[in-house]
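The structure appears right after this line, and notes come after that.
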Amino acid sequence: MDHLVRRKWLVLLKPLLSLSLVFASLLMIQKLKVAEKDGAGLKHGSEADWCGSQCFSFKKRVVKQRSPGSESSVLSDGQDAQRVANGTPAAWDAQLLNCSQDASVRSQDWFRRLDPRFHQFVLHRHCRYFPMLINHPEKCADGDAHLLMVVKSVIEQHDRRDAVRRTWGREHTAGGRKIITLFLLGSPATGKDAKNLQKLIEYEDRIYGDILQWDFMDTFFNLTLKEVNFLRWFDIYCAGVQFIFKGDDDVFVNTGNLLELIAFKVEERRDATLFVGDTISKAIPIRNRQSKYYIPKELYDKPYPAYVGGGGFLMSSQLARRLFVVSENLELYPIDDVFLGMCLQKLQLAPEMHPGFRTFGITKRRVSPMNSEPCFYRNLIVVHKLSARELLRMWSVVHDDHLISQADTHV
């Protein structure tokens, strides 16, 4: 009998202990939280649907009054006047309203034939800009940023963001050139523990202060939303930066080589329309339904313009502003790399190919010794497809002053 009673108590005790641990963890996190950064705007949304909590439209020429050092004081008077003259708001002025489906599309024959997995994208692709859940308008406030590192990530990939912060994404000044870093995120997709994930990302941001988050679902088809929302954010808050590197959170970036490339382009006076990376030319849409990049004929039925692999590319801020303007008049496309290529084509420009950008890895054979040879990483600019552990290890080896390449051993 005693044995049965003890067993019954154990059954009851386990959930109580679990609840106690949860509450204790929450209390500990609350005590450890640091003060929020000046100018950071956190806003909690309701349960997410396709486009996040809700979509919104912009109210033109609204200037929000902020305390010194926050959004209203980020731009100089001249810059602010120019933004207003162009119809661009001086702050991210999201006004909430329901973003309903474009019902007129349903009656069209091509939509009836369209693969159902693209229906939601087509029905909502007029939903372009979204409220910000986390913002850092102060990032470019001093106007001294030379290079802005912009990294696409999702909430669950904390280990990758941590590795980037400890390696190529570390904010610092090199040779008088200031480098700052931002991570671009959407909201957790349906079916995940959205509320707790959101609390975790807000806590992470209070520690590092380097996250921009919008209220749309972080899905593959919504990667283009990160492009257009970032371009608008840049035009409002960070127009003074000189160059932008944009990449994924699973790439290796040789920051020194990247800065050398920028210096060379400036010296040659070829930086105004700079857009360089791993260029893909004469590509056509993939029709294999099993492919991640599958595009049905009903959605797009002609060759792609030249574009660069989205794993990592470099562009000038002058061109980024032009891309923002032209992007507003283009229909969104579900592959973000190709969408930017379409924007470039509208500007009658083409991306520049550079052999130092390897956004498809060094070789397709993962077991190739080239993929683990540090000297290749030392001489390249961007290498794609590394885990967080691989990035940390390769960064350490490449920056070892005593590194001797395999080629040097065969003298």
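Some observations on this one:
- Semi-axis lengths, Å, region 214-339, gyration tensor of Cα atoms, sqrt of 5 times eigenvalues: 27, 18, 15
- Placing unit charges on each Cβ (+1 for Lys and Arg, -1 for Asp and Glu) gives region 134-188 a dipole about its Cα centre, and among Thr167, Val154, Phe183 the Cα reaching farthest toward its positive end belongs to Thr167.
- For region 55-357: relative contact order, % (alpha-carbon pairs under 8 angstrom, 6 or more apart): 18
- Shape analysis of region 230-279 places it in the oblate category; the axes a ≥ b ≥ c from the Cα gyration tensor give an a/c of at least 1.5, with a/b not above b/c.
- Projected over every direction and averaged, the convex hull enclosing the alpha-carbon atoms of region 55-357 yields 16.7 nm².
- Applying the criteria of a DSSP loop state and at most 10 other Cβ atoms within 10 Å to the GluC sites (Glu not before Pro) of region 238-293 yields Glu268.
- Estimated at 0.36 nm per residue, the fully extended path between Asn329 and Asp301 surpasses their Cα-Cα distance by 8.1 nm.
- Where labels lie 7 Å past Cα in the beta-carbon direction, separation of Gln120 and Arg270 in nm: 4.4
- Long pairs among Lys195/Lys292; Lys199/Lys385; Lys139/Lys246; Lys302/Lys346; Lys152/Lys385, criterion Cα-Cα beyond 18 Å: Lys195/Lys292; Lys199/Lys385
Every number here is computed from the coordinates shown, using simple stated rules; none is lab data. Computed from a predicted structure; not experimentally measured. Note that each Cβ is placed from the backbone with ideal geometry, even for glycine, and that neighbours are counted across all protein chains shown.
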